Amino acid sequence: MFAALGLDPAQEEVYRLLATRVDRSVAGLAADTGRTTDDIRSLLAALTARGLATGTPGTGGPDADTVYTAAPPDIALGAVLRQRRDDLHAAEAALADLAEQHHRAARDRASGVVEVITDVAAVRHRFAQIQQSAHHHVRSMMVPNLTVVPHAQNEAGQAGVRRGVLYRAILQRSALTEPGMVAGVLASLAEGQQLHVADHVPVKLVIADSRVAMVPLRSAQNTAAASVLVHAGGLLDALIAYFETSWQASFPISVNTVGDGLTETRPGEIDELDSRILALVLAGLTDQAAAGQLGISRRTVQRRLTDLMARAGVETRIQLGWQAARRGWA
């Protein structure tokens with residue numbers, strides 16, 4: 001509990017005993033903690049040196065009658081806590097200042113918008129880092145035969161989904177023939193990622209929020225490690241617009257309701273899972289009840305209904321029900 005204030009578990013245990021008893025001796029503390037008297041003396045010396053305890057010698061032999069008393073916690077540890085808070089605030093201010101200086105220097109350099117990385121380990125680290133920094137949204141385009149960070153090894157992406165980051169990815173259809181790829185896509189869909197397929201994905205790409213992107217350094221070398229980081233600016237805006245245009249032109253994929261395969265939804269259609277969600281919700285079931293019936297999470301039900309409302313161009317579920325009937329969705 002008090003590790004943040006510089007006390008290790010043994011010191012904290014002894015300090016708590018002192019703070020909750022009237023007076024304690026070395027022998028008494030040793031009996032209570034099960035530690036040796038030498039250990040207790042060492043711990044008391046550390047607490048005394050920090051001003052957290054005081055000893056009052058008795059008239060007997062060495063420390064036989066010495067009793068120890070804890071310094072008031074709100075005074076002794078309160079001062080340490082306030083100093084730690086001040087230090088953290090100072091560090092936060094220094095970090096903000098350094099970040100501003102870095103951004104200013106980047107803006108002043110002609111090459112500040114892009115950063116070239118060629119080392120394989122550095123590329124892997126940055127690929128994970130930009131995903132870990134994402135707060136809301138990660139867009140990606142996946143080409144076949146990824147070698148630097150294969151789809152199944154993207155642990156940063158899996159962690160991002162778990163903390164609530166929206167992941168959207170466009171996958172080249174031929175990549176689904178690679179060993180283990182269908183299983184990996186099924187796992188990604190189960191985690192809550194949104195995946196589309198396209199006949200051809202011309203470039204490997206990942207965009208974190210609207211702050212930074214990573215693309216290959218050289219043309220036609222999608223599987224090579226050498227990469228370019230693109231920071232906020234017109235070039236990043238163009239990459240985001242390109243992704244969104246490609247997303248609209250590609251086709252959603254989802255899990256078959258029967259079997260272990262995938263199904264691809266063409267324009268004007270909805271997949272089987274969306275159809276079943278609509279049928280249950282329009283029949284009056286709550287989101288939680290529909291999720292229980294289908295063996296999926298309530299969040300997945302809500303996300304899919306939100307997507308359907310966006311596709312139908314409506315703002316309420318009542319309007320969605322009318323559109324679903326009109327379009328033959330349910």
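The values are calculated or read from the model by the stated rules, or taken from the named source; none is laboratory data. Every value quoted in this text rests on a predicted model; they were computed, and no experiment measured them. Counting neighbours? That spans all protein chains shown, and the Cβs are built from the backbone with ideal geometry, glycine included.
The residues of the stretch 23-40 that are at negative phi, without any contact (Cβ under 8 Å) to a residue 24 or more places away in the chain and assigned to a loop (DSSP other than H, G, I, E, B) amount to a single one, THR36. When each of TYR68, TYR15 is tested for being in a helix (DSSP H, G or I), in contact with a helix residue (DSSP H, G or I) (Cβ under 7 Å, 6 or more places away or on another chain), modelled with pLDDT of 75 or more and not assigned by TED's automatic domain parsing to the domain that holds ALA238, the lone residue that passes is TYR15.
Hey, which of the helices (runs of 4 or more DSSP H) in the stretch 225-330, taking only ones fully inside, have at least 3 residues that are within 25 Å of GLY184 (Cβ to Cβ)? Of the helices (runs of 4 or more DSSP H) lying wholly inside the stretch 225-330, those with at least 3 residues that are within 25 Å of GLY184 (Cβ to Cβ) span 234-249, 272-282, 298-312. Scanning the stretch 180-204 for residues that are in a loop (DSSP other than H, G, I, E, B), touching a residue at least 60 places away in the same chain (Cβ under 8 Å) and under 23 Å from the mean Cα position of the chain (by Cα) yields a total of 2.
Of GLN288, GLN221, GLN323, GLN319, all but one fail to be assigned by TED's automatic domain parsing to the domain that holds ALA122, surrounded by fewer than 19 Cβ atoms within 10 Å (Cβ to Cβ) and polar (S, T, N, Q); the exception is GLN221. Condition check for GLU272 on (1) at pLDDT 85 or above; (2) closer than 19 Å to LEU195 by Cα: one failure, at (1).
To keep it simple, each residue is scored yes or no on (1) at pLDDT 85 or above; (2) over 11 Å from the mean Cα position of the chain (by Cα); (3) more than 24 Å from ALA232 (Cβ to Cβ).
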site: GLN131; (1), (2), (3): yes, no, no
site: ALA134; (1), (2), (3): yes, no, no
site: VAL138; (1), (2), (3): yes, yes, no
site: VAL143; (1), (2), (3): yes, yes, yes
site: LEU146; (1), (2), (3): no, yes, yes
site: VAL149; (1), (2), (3): no, yes, no
site: GLN153; (1), (2), (3): no, yes, yes
site: GLY157; (1), (2), (3): no, no, no
site: ARG162; (1), (2), (3): yes, no, yes
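Of the residues making up the stretch 304-314, just one is exposed (fewer than 15 other Cβ atoms within 10 Å of the Cβ) and modelled with pLDDT of 90 or more, namely THR306. For the stretch 271-281, the criterion of being in contact (Cβ under 8 Å) with a residue 60 or more places away in the chain, buried (at least 16 other Cβ atoms within 10 Å of the Cβ) and within 19 Å of ALA169 (Cα to Cα) is met by none of the residues. Considering only residues in the stretch 205-223 that are part of a loop (DSSP other than H, G, I, E, B) and touching a residue at least 24 places away in the same chain (Cβ under 8 Å), the one that is farthest from VAL114 (Cα to Cα) turns out to be THR223.
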